[in-house]
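Novice: My questions all concern the structure below.
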Amino acid sequence: YAINMDQLVLEQELGRGNYGTVKKVLHRPTKVEMAMKEIRLELDSTRLNGILMELDILHRAVSSYIVDFYGAFFVESCVYYCMEHMDGGSLASLCCFPNGNVSLPPSLSTSPGSVWTSSPPPLADEHLCRIASSMTHGLEFLKTELGVMHRDVKPTNVLVNCKGEVKLCDFGVSGQLEKSIAKTNVGCQSYMAPERIKGSSPSGSNMEHAFTSYTVSADVWSLGLSIVEIARGRYPYPPETYENVFAQLSAIVDGEAPGLPEDEEIADEEVDVYTGSYSASPGQSSFMRKGKRRWSPEARDWVRRCLIKNADERATYKELLAHPWMQTDGHRGVDMVSWVAKAIEWRDRGGR
Ligand code: ADP
């Protein structure tokens with residue numbers, strides 16, 4: 001069946017991205033809660049059917065690592081895209097500090113609630129492993145089952161729910177849609193692989209970066225960078241680059257690839273804030289590592305293989321899934337449900 005606006009009851013706003021807003025909606029005929037994304041297009045009516053045809057591939061994207069697609073329709077110059085509602089929101093909102101106010105939607109950057117009073121609940125190695133494993137399975141599914149790359153792998157495009165599931169959304173199935181999107185602002189943090197950025201001339205006054213063609217290994221880079229950001233709680237490139245796109249792109253092309261933080265980099269007090277809030281609840285000790293978090297050598301190696309600057313040497317999904325770190329997932333009894341619950345509580349308390 002085809003979904004249309006008349007069947008939907010609009011509820012609250014879930015978030016705001018570069019392309020438009022995401023609202024929670026109730027689909028009356030089925031009573032299913034959905035997330036509806038509004039994407040404003042630069043009007044070109046001849047493209048509309050092409051876009052809908054291309055989006056149709058999403059009906060085949062049925063995987064436990066991919067956010068379910070329910071349907072899309074047009075109203076005026078917007079495409080509305082209905083998908084599974086993920087009640088935990090994005091991993092970025094659950095475990096990453098915003099980098100200044102530049103990239104925050106107005107609702108977050110201006111409200112008093114956006115003042116960060118505590119750190120996000122720390123992730124343990126096994127949680128990070130489960131996230132990395134889910135993302136890799138999702139990307140591998142897109143490639144082998146649908147023959148598509150994601151093209152926009154980043155923490156805001158990884159959604160979680162209270163069941164502890166981790167799923168990818170927002171992948172580039174429609175080239176036509178991509179071309180028609182009216183971008184309201186350009187993201188301040190780039191997850192692009194070095195080979196997607198070309199033509200850096202560090203000394204030039206009007207430095208220009210041309211974006212080049214690339215292959216699926218570019219998504220592997222973005223995957224690695226996302227995992228590092230999720231582990232660190234911050235975008236891994238230096239803060240000086242947040243407001244200077246060219247400095248940031250140059251850092252990606254010319255700088256050293258980021259990795260998981262050294263154990264000492266996590267200040268004790270950050271963890272203590274968290275411990276203070278949660279030590280009263282039993283069974284949550286796995287979130288603390290006596291003031292310091294440790295990433296396993298396997299985790300470090302896995303990330304390093306994603307973040308090899310030479311695309312030809314970077315790991316493939318097959319290699320990543322066969323890596324010893326991934327092999328530890330599954331027999332560690334990871335409690336994602338509790339972590340998600342705590343992270344949501346922290347976010348809703350005004351941590352972010
Ligand atoms: P971006 O343009 O940055 O990729 P999106 O427009 O995709 O962001 O989404 C903006 C925000 O809306 C997300 O960060 C997330 O918090 C929320 N969101 C998006 N899709 C869903 C969904 N299916 N369920 C719940 N929340 C969602």
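The values are calculated or read from the model by the stated rules, or taken from the named source; none is laboratory data. Only a predicted model underlies this, so the values are computations on that prediction, with no experimental measurement involved. Backbone-built Cβ (ideal geometry, glycine too); neighbour counts: all protein chains shown.
Novice: Does D125 qualify as being more than 15 Å from the chain's Cα centre (by Cα), at pLDDT below 95, under 28 Å from V334 (Cα atoms) and of a type outside the set (S, T, Y)? Steps first, please.
Specialist: Details: more than 15 Å from the chain's Cα centre (by Cα): yes; at pLDDT below 95: yes; under 28 Å from V334 (Cα atoms): yes; of a type outside the set (S, T, Y): yes.
Taking the combined requirement at face value, the residue satisfies it.
Novice: Residue under question is I57, and the condition is that it be more than 16 Å from the ligand (Cβ to nearest atom) and surrounded by fewer than 18 Cβ atoms within 10 Å (Cβ to Cβ); does it hold? Don't jump to the end; show me each part of the working.
Specialist: Values: more than 16 Å from the ligand (Cβ to nearest atom): yes; surrounded by fewer than 18 Cβ atoms within 10 Å (Cβ to Cβ): yes.
Criteria met by I57.
Novice: Quick one: what pairs do we get from the range 119-147, first residue under 15 Å from T316 (Cβ atoms), second surrounded by 24 or more Cβ atoms within 10 Å (Cβ to Cβ) and of a type in the set (D, E, K, R), C-beta under 9 Å, 6+ apart or different chains?
Specialist: Hits for this filter: L139/D219; L142/D219; K143/D219.
Novice: Among the residues that make up the range 133-140, is at least one of them in a loop (DSSP other than H, G, I, E, B), surrounded by 20 or more Cβ atoms within 10 Å (Cβ to Cβ) and either more than 13 Å from the ligand (Cβ to nearest atom) or modelled with pLDDT of 95 or more (or both)?
Specialist: Here is the first cut: in the range 133-140, the residues in a loop (DSSP other than H, G, I, E, B) are none.
Checking the range 133-140: not a single residue is in a loop (DSSP other than H, G, I, E, B), surrounded by 20 or more Cβ atoms within 10 Å (Cβ to Cβ) and either more than 13 Å from the ligand (Cβ to nearest atom) or modelled with pLDDT of 95 or more (or both).
Novice: Still on this structure, I have one more. Check L52, L26 and return the single one that is assigned to a helix (DSSP H, G or I) and either within 18 Å of A2 (Cα to Cα) or touching a residue at least 60 places away in the same chain (Cβ under 8 Å) (or both). Lay out the reasoning, then the answer.
Specialist: Numbers: L26 fails: assigned to a helix (DSSP H, G or I).
So the residue among L52, L26 that is assigned to a helix (DSSP H, G or I) and either within 18 Å of A2 (Cα to Cα) or touching a residue at least 60 places away in the same chain (Cβ under 8 Å) (or both) is L52.
Novice: Tell me which residues, restricted to the range 1-52, are of a type outside the set (S, T, Y), exposed (fewer than 12 other Cβ atoms within 10 Å of the Cβ) and either farther than 28 Å from G88 by Cβ or more than 14 Å from the ligand (Cβ to nearest atom) (or both). Outline the logic, then answer.
Specialist: Keep residues of the range 1-52 that are of a type outside the set (S, T, Y), which gives 2-18, 20, 22-29, 31-44, 47-52.
If we keep only those that are exposed (fewer than 12 other Cβ atoms within 10 Å of the Cβ) too, we end up with 2, 6, 9-10, 12, 28-29, 31, 42, 49.
If the condition is that a residue be of a type outside the set (S, T, Y), exposed (fewer than 12 other Cβ atoms within 10 Å of the Cβ) and either farther than 28 Å from G88 by Cβ or more than 14 Å from the ligand (Cβ to nearest atom) (or both), then A2, D6, V9, L10, R28, P29, K31, E42, N49 are the ones that fit.
Novice: In this structure, does L94 turn out to be within 11 Å of the ligand (Cβ to nearest atom), modelled with pLDDT of 85 or more and not in a loop (DSSP other than H, G, I, E, B)? So that I can check it myself, show each step before the final result.
Specialist: Details: within 11 Å of the ligand (Cβ to nearest atom): yes; modelled with pLDDT of 85 or more: yes; not in a loop (DSSP other than H, G, I, E, B): yes.
Here the answer is yes, as L94 does meet what is asked.
Novice: Looking at the range 55-91, which of its residues are small (G, A, S) and at pLDDT 85 or above? First the steps, then the outcome.
Specialist: Within the range 55-91, the first condition is being small (G, A, S), and the residues that meet it are 61, 63-64, 71-72, 77, 88-90.
Residues satisfying the conditions are A61, S63, S64, G71, A72, G88, G89, S90.
Novice: I'd like the full set of residues that are more than 16 Å from the ligand (Cβ to nearest atom), in a helix (DSSP H, G or I) and among the hydrophobic types (A, V, I, L, M, F, W, C), limited to the range 60-91.
Specialist: Let us first name the residues in the range 60-91 that are more than 16 Å from the ligand (Cβ to nearest atom), namely 60, 73-77.
Now drop any that are not in a helix (DSSP H, G or I), which leaves 60.
Correct list: empty.
Novice: Now a separate question. State which residue is surrounded by the fewest Cβ atoms within 10 Å (Cβ to Cβ) when the search covers only the range 320-341 and only residues that are part of a helix (DSSP H, G or I) and in contact with a helix residue (DSSP H, G or I) (Cβ under 7 Å, 6 or more places away or on another chain). It would help to see each step written out before you state the result.
Specialist: Step one: of the range 320-341, the residues part of a helix (DSSP H, G or I) are 320-322, 324-328, 336-341.
Cutting the leftovers down to in contact with a helix residue (DSSP H, G or I) (Cβ under 7 Å, 6 or more places away or on another chain) gives us 320-321, 324-326, 328, 336, 339.
On the way: L320: 24, L321: 15, P324: 12, W325: 22, M326: 19, T328: 17, M336: 20, W339: 26.
So the residue we want is P324.
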